Structures are given as C-alpha cells and as structure tokens.
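Heads up: the structure comes next, in structure tokens.
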There are 2 protein chains.
Amino acid sequence: MASVTTPKGFTASAVAAGIKPSGNPDMALVVNNGPQWASAAVFTQNRVFAAPVKVTREAVAHGTLKAVVYNAGNANACTGAPGVNDAREMQQLVADAIEVHKQEVGVCSTGLIGEPLPMSNIRSGIASLTSNLGDYGEDAAEAIMTTDTVKKEASYQADGWTVAAMGKGVGMMAPSLATMLVLITTDAVVSSETLDRALKNATPSTFDAIDIDGSTSTNDTVIALASGASGIEPDATEFKEAIYSVCKDIAEQMQADAEGVTKRVTVRVTGTTSDVQARNAARTVARDNLFKCAMFGSDPNWGRVLAAVGMADADMDAENIAVSFNGHAVCKESTAVPGARDVDLSGVEIEVHIDLGTGGPGDAHVRTTDLSHDYVEINSAYSS
Amino acid sequence: MASVTTPKGFTASAVAAGIKPSGNPDMALVVNNGPQWASAAVFTQNRVFAAPVKVTREAVAHGTLKAVVYNAGNANACTGAPGVNDAREMQQLVADAIEVHKQEVGVCSTGLIGEPLPMSNIRSGIASLTSNLGDYGEDAAEAIMTTDTVKKEASYQADGWTVAAMGKGVGMMAPSLATMLVLITTDAVVSSETLDRALKNATPSTFDAIDIDGSTSTNDTVIALASGASGIEPDATEFKEAIYSVCKDIAEQMQADAEGVTKRVTVRVTGTTSDVQARNAARTVARDNLFKCAMFGSDPNWGRVLAAVGMADADMDAENIAVSFNGHAVCKESTAVPGARDVDLSGVEIEVHIDLGTGGPGDAHVRTTDLSHDYVEINSAYSS
C-alpha cells in the first residue's frame, strides 16, 4: 500500500514515546528531502486553537515547511504559554537534528486537551525519530492514530509522479480527542502557490464537508509537502484532481471510522441560490440530532428533515421542498408522498437529497453519520 | 392545583377523540368568556411551519383571540393546502359552536408531522368540547401531552388577580413530536398591548433559552389570553413579573421532562460584549454533542467547553477564558486549574459558567440537558 513515503524524496519514522497509555507508537516525523521544497497548509477555524497550530501557522507564514513532527495522546491545547514553549521546543529539536531552520518544521499534536506535554518523552521520542528516518510512511500513519480503529492512507499514481496522504480523525471534529490531522506528500514539481491552490480547491468539499457532530477541533491541520523529486511538472488540472482525490479518499475513511457510526449519511441540497447556501442547509440538517437519531433507527422521517432545514440560513420556497432518501421521493411540495414511511433505510449508506424549491443553482453536500448509542457511550466515558 | 381555568372568566374542556393511538384524551378547548378580551402570541421561527400556525398567525393579525382549540397526536404540519383547510375548519367549527368570529379562534396541533388530520375524529371531538365547557383546565393540560411524562401547569396569585399557564413539550423542540405549546390565562384587566409586551419580555430568557437538541419545531406556539374578570388593573411591573414567573416555571418543567434527560444543565456566559453574544455562546455550548455527552458521563471536561465556545459568534479573549462547574473553577486563562478533573458532577443539576475574558457586560444563560442513551432510543424509535 502506498504511504506518505511512496512519493520520491520523502522519509519518515515512528516511535512509541510513552505518551499514549497503551504504549502504542505515538510520535512520527515526515521529512521532505527535496530536491525542491513547496508546502501549503490549512488550519482549524476555531478561535480556541492549540499551541502547535499557533507555532505551525507562524512557520507557514514565514516560508516553506520541510518536515512535520507529530505526537498523539496529548493535544497540547489549552496549555497556555508553557504549551507554546513546548511546541517551539519540538520544532527546534527536529530542526537541529535534521539541519533545517526551525521555521521549516511543522508541529501537530492530537489527544487530550488541557494536559501539559510530557516533555521528557517528547525529547527522547524526537531523538529516536530523527535518527531512524526511512521508508516508514505506514508506521507514521499508525503512530498518529488516537481513537481511530484503522489507519487512513490514500494515494494517486500519475504518469511519473505520485500523490499520497495519511490522516487521522474519527469525527469532524472530536475536540477532546483533538483532532483531524492530514499530511499530503507529492514528488511532482509544483510551486507552493500551485500546492496551496490545489489544497484550497479540495478542502471545502472534502474535509470541510464532513460534519459528524458539529464540533470543530482546536488542532485540525492539513499540510501538503512537494519534493519535486519526480522531476515532472504535472498538468495543472490533473494535479488538482490528484490532490482532490486523496483528500476525498481520506475524508471518506474518516466518515466510515467516525465514533459509534452505524450509518454513513450524505446530505445533498439543491434548489437554493448559491453553493454556500446549499452547504449551510446541508450542514443544518447534518447536525440535527433528531434527524441523526432517525437515521440510526433506519427511519425515513422526512418531517425531521423539513423541520431542520426550515431553520437553515438558505433561500427556500417553504411550500415547495422535495426530499428523497436513496433516490425514493418521500416528500414533494413540502407534503408526504404516498408510501414515504415504507422506504427501506436498513443499509449502511443513506443519501438524502433535499431540493429547496427556488429553482436556484446552489448545490452542495455534507457527509455525516447517525447518532447512535455507541456515540454517546464513547463520548461520555472517554476522559473519565 | 391551579389550572388555566383558575383565573376568572375562563372555561375549558377535554376529550378523547381517538387521534392518539393510546386512546388517551387528545383534544382540548379553552374559552375566554370575558367581560374583556385581550390576547398575545408568539410563534415558531421555523420557515417550515404547520397549518395551525399559519391559521392562528392570521387570526392574531386580524384581532383578538377569544378561544384556542388543541389537538395532540397529529401536528397537521407539512400537509399542504388540505392541511390549511383542515385547520380552518377546526377554527370555523369552534367559532360557530361558541358563537364568536372564526378569526377569534386559535388552533394548535402537536404530534406527528406529515400525516393528514383524521377530520372525522376532529369534528366529533369539537362537538364534544364545545358542549362540555367548564372548570376543566387540568383536563386540558393533560389532553395536550404527547411524549410528556407529566402535565405542566403553573400559576401566579396576586392580590385579587391570577395568572395561570399550561404547557407541553419535552425538548425545545422535538420537531417530529411537534411541539412546544403554551397557553397563559389571566383575569387581570390588561390590554392586548400590555399582554404582548409582558409575553415578549418573558420568552427570550424562558422558552427561547431552553435548547435541548438545537431543533426548532414547526408548531411552537405560546398564546396569552386575558379576561379582565377580576376587575383589577394590575401594577405594570408586577404583571410583567407574573407572566415571567409562569413562563419560567413551565420552561423549567419542560427542561426537567426533556426526552431521555438525566442532567439539567444551565450554561451561563459572561465577559463578552452583549447579552445577544452571550446567548449565542451559551447556545453553541449547549448544542455541542461532545459537551452534552460529557455531562451525561458526569465528566468535568472543560476542554470540550473551550473547543465548543471557540466556534461561537461572540467576542472573546481566547487566551483568557474561565470555566467553572457548579462554582468550582476548572479553567482560568484558558488553561487547567489543578484538580479540575476531580470536580464531582454526579448530581442532576449542573451549572456551567463560562467567562469569555473581554471584561464586557454581556450575560445570558441557556438551559439544556445531557445527551443520553435514552435520548437516542426515544428519538430513533418514535415513528417506526
């Protein structure tokens, strides 16, 4: 299986540094060995963001990332000035060991919020990571897992160049388990600007379109690194498609592995003025607990869809809304279609299509899950 | 116990019309017999609103309500033009029988969305209701229940005049079980304007400040009727206080009876620019599923509070947020207070106080509940 070290020019390492109580691997390092260096990143929108987000944002503003160091088991979030110092020390230790500038090192942490990083474990972990770099992308993908049940990797093989990605996250987002972290590597010859455009083209309809519990983490970070080691400058359209494809793949793996999920639900909205409004409306429905409970119960309860969407910030003709489940019309002109309650939703995949009836061109979807007993169980017992 | 027929000038009736599958009473009528008639009402903000809301809104716009007819078991929502005709027929049948204009009759329905009203049951129910009016306020309160486990009544006894209320609702709001319905009666001598001001003064911090699942029903209606039968014109301040008091009482009963509740949680936010911002922030936290699951687990997980509030539309100093649970400080300057994880939240009542650290005067609270296994169970099984 392809990993983040499949594209030429990248090495990685992983280690069990003793941060996770389980003793499983919990630190990783990915290094871009060039010959070229381009990078791009997107971060959480949350105003309460973790120390590593602050430090990595500064690094990205300063220039180009050449390496990213990860730890799982502790988010280094809500840890004040000492937390920022800890993140800076991680950055400096890696920079010194691999001989780059500290502003060329990104730092990502994931795990519990509000606990100080165990710095002695971190220091010995970084010593091990920097002295064991190699073709260990798969180990890196495993080390960044928290409550993920499977590691998440994706790749796109083009003619002579490759894009690969690893991610972790079991909900978009589970703040106390912070976080959604994604790293994309490519050996294509691209500028940071091209990489940034491709990344920002992909995220709105992939990572930003997953909404498991309406929560947004303090640590979410997506980083893309390009080494140019293939020597091939890709076709711009295909490159955008390649980045989109690995983002979509990782996003779908996150949805499938979301906490307590028994259903994978896609909410698509059309018939409103703009894509932004369509996404607002889809997100409003995707976050509605009564709708999510109905999905858990395999219940084609279109009344809950209408009640939820009626509160959305989107243009609609409230008397001309249509709803279908898995292609079966259950509601037209905001009233029941005969047989609506008999639609079979017992399968794992549910597609809900809501047309808001204005005839406008807005079209967007959001991926979510049901609200299950296991979701409640996992999220009420985690830190206690 | 006081009921909506305790204030002088009101009669009521209730009947089992066969709309609820249980065979329990499911229709009610409350009539203001004067000698004066004043009324006020507030309705759901949902753009998808039920036929009875449309019809009652029109009646209120036209003049003064003298009676309100209720049915439970069927919300008459998302029923199109036939549903509006059905609601108008309910209005007309009551008006003819008690000899008032149809625009003087309010109509409220609660129950399943998207099913046509069983009009033959409704017609015989109204015949019974209009011929059995008397001191049956308590029966009316029982007839409007859906998944409520107890009927909800409140009263305020002043010197010579009285305010009373009945309500139903087990979540603010549970759309498929639509709805929150409240009726307030008083024999005070007040104008519709005074009644309207008092009602609109009370609702923002009572009914609008309950947020069980972030959902807003298609049918929510609060109506106040004044008969003037006491002959006493109340002190304006005391009257406002009386209306506020019965609204607060009913709202607390709804919170306590919310679906699957094991915790009653009050989220208070201070230290932001305005009360509106404070309420936005409180509501954002109150709706966060990870926070609600933590409450179910009696887990003082302040990290989830910070992660949730960081996404709120409110001014904050993200490095100066303070959180306390039941008066115990757990987070200061956005970092942990020693011992924070040991705070005991095993009781039923939990008060969360979040100060957003700007020093601004904004102050508001929202009442919510935990997210429990029973919530998922009740809401995944209801209509199937």
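Only one residue in A:VAL42, A:VAL15 is open to solvent by 20 Å² or more (accessible area, probe 1.4 Å) and under 24 Å from B:MET316 (Cα atoms), so which one is that?
Of A:VAL42, A:VAL15, the one residue that is open to solvent by 20 Å² or more (accessible area, probe 1.4 Å) and under 24 Å from B:MET316 (Cα atoms) is A:VAL42.
When residues of the range B:186-202 are filtered for being open to solvent by less than 10 Å² (accessible area, probe 1.4 Å) and touching a strand residue (DSSP E or B) at 6+ places or on another chain (Cβ under 8 Å), how many remain?
Number satisfying all stated conditions: 6.
What about A:ILE212, is it part of a helix (DSSP H, G or I) and surrounded by 22 or more Cβ atoms within 10 Å (Cβ to Cβ)?
So A:ILE212 fails the test.
Being within 22 Å of the chain's Cα centre (by Cα), within 28 Å of A:GLU193 (Cα to Cα) and at pLDDT 95 or above is the requirement here; does A:ASN32 meet it?
In short, yes.
Could you please find all residues in the range A:310-320 being more than 7 Å from chain B (Cβ to nearest Cβ) and under 20 Å from B:VAL53 (Cα atoms)?
Hits for the range A:310-320 are A:ALA312, A:ASP317, A:GLU319, A:ASN320.
Only one of (1) over 19 Å from A:GLY167 (Cβ atoms); (2) in contact with a Gly (Cβ under 6 Å, 6 or more places away or on another chain); (3) open to solvent by less than 30 Å² (accessible area, probe 1.4 Å) fails for A:ARG47. Which number is that?
Going through (1) over 19 Å from A:GLY167 (Cβ atoms); (2) in contact with a Gly (Cβ under 6 Å, 6 or more places away or on another chain); (3) open to solvent by less than 30 Å² (accessible area, probe 1.4 Å) one by one, A:ARG47 breaks only (3).
Assess whether B:SER3 counts as being crowded, with 21+ Cβ neighbours inside 10 Å and not assigned by the TED database to the domain that holds B:GLY134.
Taking the combined requirement at face value, the residue satisfies it.
Restrict the check to the range B:90-97 and report whether at least one residue is more than 23 Å from B:PHE207 (Cα to Cα), acidic (Asp, Glu) and free of Cβ contacts under 8 Å to residues at least 40 places away in the same chain.
yes
Looking only at strands (runs of 3 or more DSSP E) that lie completely in the range A:240-340, which have at least 1 residues being in contact (Cβ under 8 Å) with a residue 24 or more places away in the chain, open to solvent by less than 40 Å² (accessible area, probe 1.4 Å) and at positive phi?
In the range A:240-340, the matching strands (runs of 3 or more DSSP E) lie at A:264-271.
Against the condition surrounded by 24 or more Cβ atoms within 10 Å (Cβ to Cβ) and not basic (Lys, Arg), how does A:LEU93 come out, does it pass?
no
Considering each of A:ALA97, A:ALA81 in turn, give the residue that is within 14 Å of chain B (Cβ to nearest Cβ) and over 23 Å from the mean Cα position of the chain (by Cα).
Among A:ALA97, A:ALA81, only A:ALA81 is within 14 Å of chain B (Cβ to nearest Cβ) and over 23 Å from the mean Cα position of the chain (by Cα).
Could you check B:HIS328 against (1) under 30 Å from B:ILE223 (Cβ atoms); (2) more than 14 Å from chain A (Cβ to nearest Cβ) and say which number it fails?
(1)
Quick check on my filter: what residues within the range B:350-384 are within 13 Å of chain A (Cβ to nearest Cβ), modelled with pLDDT of 95 or more and open to solvent by 10 Å² or more (accessible area, probe 1.4 Å)?
B:GLY357, B:THR358
For the range A:220-242, state whether one or more residues are within 14 Å of chain B (Cβ to nearest Cβ) and either among the acidic types (Asp, Glu) or over 11 Å from the mean Cα position of the chain (by Cα) (or both).
So far as the range A:220-242 goes, yes, one or more of its residues are within 14 Å of chain B (Cβ to nearest Cβ) and either among the acidic types (Asp, Glu) or over 11 Å from the mean Cα position of the chain (by Cα) (or both).
Consider the range B:215-239. How many of its residues are assigned to a helix (DSSP H, G or I) and either open to solvent by 10 Å² or more (accessible area, probe 1.4 Å) or of a type in the set (Asp, Glu) (or both)?
Residues flagged as assigned to a helix (DSSP H, G or I) and either open to solvent by 10 Å² or more (accessible area, probe 1.4 Å) or of a type in the set (Asp, Glu) (or both) within the range B:215-239 amount to 3.
For the list (1) under 29 Å from A:GLY339 (Cβ atoms); (2) more than 14 Å from chain A (Cβ to nearest Cβ); (3) open to solvent by 20 Å² or more (accessible area, probe 1.4 Å), I need the number of the one condition that B:PRO116 fails.
Exception for B:PRO116: condition (2).
So B:GLY347 ticks every box in (1) at the interface with chain A (Cβ under 10 Å from one of its Cβ atoms); (2) open to solvent by less than 60 Å² (accessible area, probe 1.4 Å); (3) not β-branched (Val, Ile, Thr) but one. Which box is left unticked?
(1)
The values are calculated or read from the model by the stated rules, or taken from the named source; none is laboratory data. This structure is a prediction, so every number in the text was calculated from the model and none was measured. All Cβ positions, glycine included, derive from the backbone under ideal geometry; neighbour counts span all protein chains shown. The protein model used for the area step is the full one, side chains on, heavy atoms only, and it has no ligands, DNA or RNA in it. Shrake-Rupley method; radii C 1.70, N 1.55, O 1.52, S 1.80 Å.
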